[in-house]
Amino acid sequence: MRFSLALPRESLSVRVLRRVLGDALRGLGVAEDCIGDILVAASEACTNVIQHSRTPLDYEVWARVEDGMCVLTVADHGRGLSGEPPEAGEQAESGRGIKIMRALVDDVTFDTHPGQGTTVRLSKRLTWKDEALMRRLAGDLVHSAR
């Protein structure tokens, strides 16, 4: 499964992403706790775009599920960063979202170019409900390969 969205840089867009992505993952049979982790991490990445990109342009989200992984890419066309984004200290207001993303998914990477924007990539190995469509399809593929 793959899809992409171009979203306006406003807070309502985060709810739209959560709905579309959550419904897609539920439809595939991903376990609810896994979906929750992905949605919170995605929300943090999108909120960072809304708060920090300083551009009137839309931002883009690409999602793909393959080989038991969910990979999300969130890209803006803003000012970019001058290096790796700082993580929050114990009492810091800014940077907590990055810690949250890193705690909830398996891998978080940043690609930033000053004046051109920032891309955040989130990857998480999926867990499935017992009755998941993807799990049944995987079993059918194993049987047909024998």
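Here, each number is a calculation from the coordinates, and none is a lab measurement. Not measured: the values here are computed from a predicted model. We place every Cβ from the backbone using ideal geometry, glycine too, and count neighbours over all the protein chains shown.
Rounded to 0.05, the FRET efficiency of the Thr55 and Glu131 pair, given R0 = 30 Å and the Cβ-Cβ distance, is 0.10.
Stretching Ala31 away from Arg102 to a fully extended chain increases their span by 23.6 nm, per 0.36 nm per residue minus the current alpha-carbon distance.
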